[in-house]
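Data first, discussion second: the structure below is written as C-alpha cells.
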Number of protein chains: 2
Amino acid sequence: MHRISKEHEHKILNENSRIAERLRAHFAEHGILCLNIISAPGAGKTTLLERTLEALPRETRVAVITADIQTDNDALRLARFGFPVKHITTGGACHLEAPMIERALEDLDHDDLDLLLIENVGNLVCPASYDLGEAAKIVVLSCAEGDDKPLKYPAIFFKAELLVLTKTDLLPYVQFDIDAAERNAHRQRKGLEVVRVSAISGAGIAPWLQWLERKRHAVRVEAAVD
Amino acid sequence: MHRISKEHEHKILNENSRIAERLRAHFAEHGILCLNIISAPGAGKTTLLERTLEALPRETRVAVITADIQTDNDALRLARFGFPVKHITTGGACHLEAPMIERALEDLDHDDLDLLLIENVGNLVCPASYDLGEAAKIVVLSCAEGDDKPLKYPAIFFKAELLVLTKTDLLPYVQFDIDAAERNAHRQRKGLEVVRVSAISGAGIAPWLQWLERKRHAVRVEAAVD
C-alpha cells in the first residue's frame, strides 16, 4: 500500500466501500453471484477460469471481468468460450476498485446474469484492501510459489472464503508442502475452504465447480426470498 | 498503485527520490554496489540469494536487507550464511521506500560494505515506482509464472538492468516459452541483460555471479577515481 496519510487512505477506502455496497445490493437483488479472484502474477487465475468456462453449460448466464496493468491477453483467452468478457486495463493501478467495476458493468448486460467472475490484477497485496461488492473473495496460490505465502501475505488469506491451490501437477518437482500451505492458510482464517486443482490433469476441477454451484444456489435462494 | 491524486503521488515520490539520491551518493562515495531485487511472490528471490551468499567468499563485505509484509522467514533463511541481514517488516506496505532503507542502514555497519542486496516485497507492480538509491534494479521471473508477464507488468521490465529467469528446471513441466519471455522483456527494454537460473541444478548461477562481480568491479573503480 502506498504510504499515504491514514486520513487520505480512509477517504479513498470509504468512497470505495460506499460504491461496493451499492454494487453488492444490486447483485443481491438480481440474484447475481459476484466473485473476486485474487492471486500473485502467474498463479493460474486465467487458466482456472478457462477450465471453468469450458465446463459451464452454454445457457449459463455468466460474465467475466478481467484486469491487467497492460494488455488484454487474459480477456482474449477467455472470450473464445463465447461468454461476455469485459477487460479493464488499469494503467498504473495495481488493483481493481469498485468504481471500475461499476463502469465495466455498463458494458455488460448484467441484469440478465447469475454469475460474475472478476479476475483481479496479479498482486497478492493491494487488491485485498478493495471491496468490489463481491459475495466472496477467492485467493489462488500456485504450488510453484511457496508454502509460507499465507504467513507472509496474511490479509488476503484472512479475507478469502476459498483458497484454490493450483498447479498441483508440479508437486513432484517443487519444494512445496501442500499440507503446510493449508495449515498456514488456516492460521489466518480458520474454516477457510480449500480446493486443490491441476488445470493440466483436471484434478480438483469438479470440487471447484461444486463449490461454485453451491454458492450460486445460495445466492439464487436468497434473491427469491427477498 | 493506490488511486491517490497526482499531486499527492508526486509529493510522495519526490520525497522518496530525494532520500534515494542521498543514499545513492553515499553508496557511490563508499564504493558500495546496491541492488534492488524485485519479483512476484514466490519467484525465487530468497533462494537466489541463498545460492549467492553460499558462493561468496567469507571475506566478502556483503549485507542483505529483506522485506515482507509479515514474518521474517526470509531473513532467517539468509542469516545462516553468516553475513549481516536486516529485516524490514512493512506491515501493510506493499513495497520498500527509501526512508525504510535509510533507517535499516543505521543497524548495519554499512560503511564497511561493498555489496548491499535488497530483497523487496514480493510484488511485481508497486516496488517499481520507488527508487531505493540502488545502482540497478533486478527483476526475477519464474518459469512457473507465464511468458507474457513482461507485457502485463511493463514498468519493472523497463526499469531493470537484469532479468533473472528462475526455476528453469521446471521448463519440461510447464507451458512457458523461455525465448518468448526474453523477447517480451526486450520489447520493454532493448538490451536488458538476462540470465537463466535453476537454484536446484545450479545451472546459470555462475553467469549470475559473474554479472554481480562485473558490477561490483565497476562501482569500485568509480569510487577509486572520485
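Would you confirm, using the coordinates I've provided, whether A:Lys215 is among the charged types (D, E, K, R), modelled with pLDDT of 95 or more, part of a helix (DSSP H, G or I) and in contact with a strand residue (DSSP E or B) (Cβ under 6 Å, 6 or more places away or on another chain)?
So A:Lys215 fits the description; yes.
Among the residues of the stretch B:129-147, is there at least one that is open to solvent by 30 Å² or more (accessible area, probe 1.4 Å), aliphatic (A, V, I, L, M) and more than 7 Å from every other protein chain (Cβ to nearest Cβ)?
yes
Here are B:Ile138, B:Ile156, B:Ile118: which of them is at negative phi, among the β-branched types (Val, Ile, Thr) and in contact with a Cys (Cβ under 9 Å, 6 or more places away or on another chain)?
B:Ile118
Only residues that are among the small types (Gly, Ala, Ser), open to solvent by less than 10 Å² (accessible area, probe 1.4 Å) and over 23 Å from A:Ala218 (Cβ atoms): list them for the stretch A:23-52, please.
Once the filter is applied, which keeps residues that are among the small types (Gly, Ala, Ser), open to solvent by less than 10 Å² (accessible area, probe 1.4 Å) and over 23 Å from A:Ala218 (Cβ atoms), the stretch A:23-52 yields A:Ser39, A:Ala40, A:Ala43.
Please work out which residue is farthest from the chain's Cα centre (by Cα), limiting yourself to the stretch A:173-210 and to residues that are acidic (Asp, Glu) and more than 14 Å from chain B (Cβ to nearest Cβ). Walk me through how you get there before you give the answer.
From the stretch A:173-210, those acidic (Asp, Glu) are A:177, A:179, A:182, A:193; that's our starting set.
Next, from what is left, pick out any that are more than 14 Å from chain B (Cβ to nearest Cβ): A:179, A:182, A:193.
Working: A:Asp179: 22, A:Glu182: 18, A:Glu193: 14 Å.
The extreme case among them is A:Asp179.
The values are calculated or read from the model by the stated rules, or taken from the named source; none is laboratory data. It should be emphasised that the depicted structure is a prediction, and the values quoted were computed from it without experimental measurement. Note: ideal-geometry Cβ built from the backbone for every residue, glycine included; neighbour counts use all protein chains shown. To get the accessible areas, we keep the full protein, side chains included, count just its heavy atoms, and leave off ligands, DNA and RNA. Shrake-Rupley method; radii C 1.70, N 1.55, O 1.52, S 1.80 Å.
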